[in-house]
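Rule-based calculations on the coordinates, nothing more; no lab input. None of the values given here were measured: they were computed from a predicted structure. Every residue, glycine as well, gets a Cβ built from its backbone with ideal geometry; the counts of neighbours run over all protein chains shown.
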Amino acid sequence: MSDQFQGIEPMVYQSKINVPYSWWAGDTASKFFIKLRDEKKIMGTKCPSCNKVFLPPRKVCPSCFIENTEWVSLSGEGTVLSFTVARRQFAAIPQDKKIPVIWGLIKLDGADTALLHYLDEVRPESVEIGMRVKAVFSDTRKGAIHDISHFKPVK
Ligand SMILES: [Zn+2]
C-alpha cells in the first residue's frame, strides 16, 4: 500500500446486483398474457364452486382449493378501490414513466379481485376511490402485464 493511503479507514458498503433470469409463467398466466397480446382481451378465471372470478387469473381457488377451469372475458372497465402516488423515481418505476406515477388497485366489472396497475391521463389530485376507469392497451404488446399501458378515467 502506498503512503498516500496510510491512516485512511477502509470503508465497506452493502449493495445489490441485478441478475436477469427467465421463468415459465405457467399455463394460466401464459393464456392470460397471450390473450392480452394477441386479442387485447382481459381474461379472468372462475371458480366452479364459489363462482368467484379472479383477476389476475388464478389456477386454483384459494378458498375452495379446486381448479378454476372456466375463463371469463372482462370488459376492461372497472372501479378504483385504492391508489397511491409516487412522486420520486425509484427502481420499481420504469425509466420511461413520467413522475408522478399513480398506482391503482382496480376491480374490473365482473371480477371479484383487484388488479394493481398504473392510472394515467388523470392528475393525482383528481383520482378518487370509486372512480370509474378503463384499460388502455399498449401499441406494441409483448405478452406481459404492460400490454395494458394504463387505466384512464371513463368520461
Ligand atoms: Zn372457490
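The table below lists the values:
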| item | result |
| --- | --- |
| Whole-Hz ³J(HN,Hα) from phi, Karplus 6.51 cos²θ - 1.76 cosθ + 1.60, for the stretch 109-118, glycine and proline x | 4, x, 9, 9, 10, 10, 10, 8, 7, 6 |
| Mean separation of Cα contacts under 8 Å (6+ apart) over length of the stretch 1-57, as relative contact order % | 20 |
| Sparse-neighbourhood loop sites, chymotrypsin sites (Phe, Trp or Tyr not before Pro) in the stretch 47-155 - DSSP loop, at most 12 other Cβ within 10 angstrom | 65, 90 |
| C-alpha long axis of helix 26-39 to longest principal axis of the chain, angle in ° | 80 |
| Which of 149, 75, 15 has the fewest Cβ neighbours within 10 Å, and the rest in rising order | 15, 75, 149 |
| For the stretch 69-83, Karplus couplings with θ = phi - 60° (6.51, -1.76, 1.60), whole Hz, Gly/Pro x | 8, 9, 9, 10, 7, 9, 6, x, 10, x, 10, 6, 8, 6, 7 |
| When each of 59/142; 16/41; 16/134; 16/59 is checked by Cα-Cα distance, pairs over 31 Å | 16/41; 16/134; 16/59 |
| Residue 77-residue 49 FRET efficiency (beta carbon distance; Förster radius 22 Å; 0.05 resolution) | 0.25 |
| Trypsin sites (Lys or Arg not before Pro) restricted to the stretch 15-101 and DSSP loop, no more than 10 other C-beta within 10 Å | 16, 87, 88, 98 |
| Bridge type composition, the chain - antiparallel percent by DSSP, nearest 5 | 95 |
| Sequence-separation-based contact order of the chain, relative, with Cα cut under 8 Å and 6+ spacing, percent | 20 |
| Efficiency of FRET from Cβ geometry, residue 88 and residue 12, R₀ 22 Å, rounded to 0.05 | 0.20 |
| GluC sites (Glu not before Pro) lying in DSSP loop within the stretch 71-155, provided at most 16 other Cβ fall within 10 Å | 121, 128 |
| The stretch 11-155 - Debye-derived log10 I(q)/I(0), Cα point model, q = 0.15, 0.16, 0.19 Å⁻¹ | -0.84, -0.93, -1.18 |
| Karplus-derived 3J(HN,Hα), 6.51/-1.76/1.60, for each residue of the stretch 96-106, Hz, glycine and proline x | 7, 7, 7, 8, x, 10, 10, 9, x, 9, 10 |
| Aspartates and glutamates with Cα under 19 Å of residue 52, excluding same-chain neighbours fewer than 8 positions away | 67, 70, 77, 109, 112 |
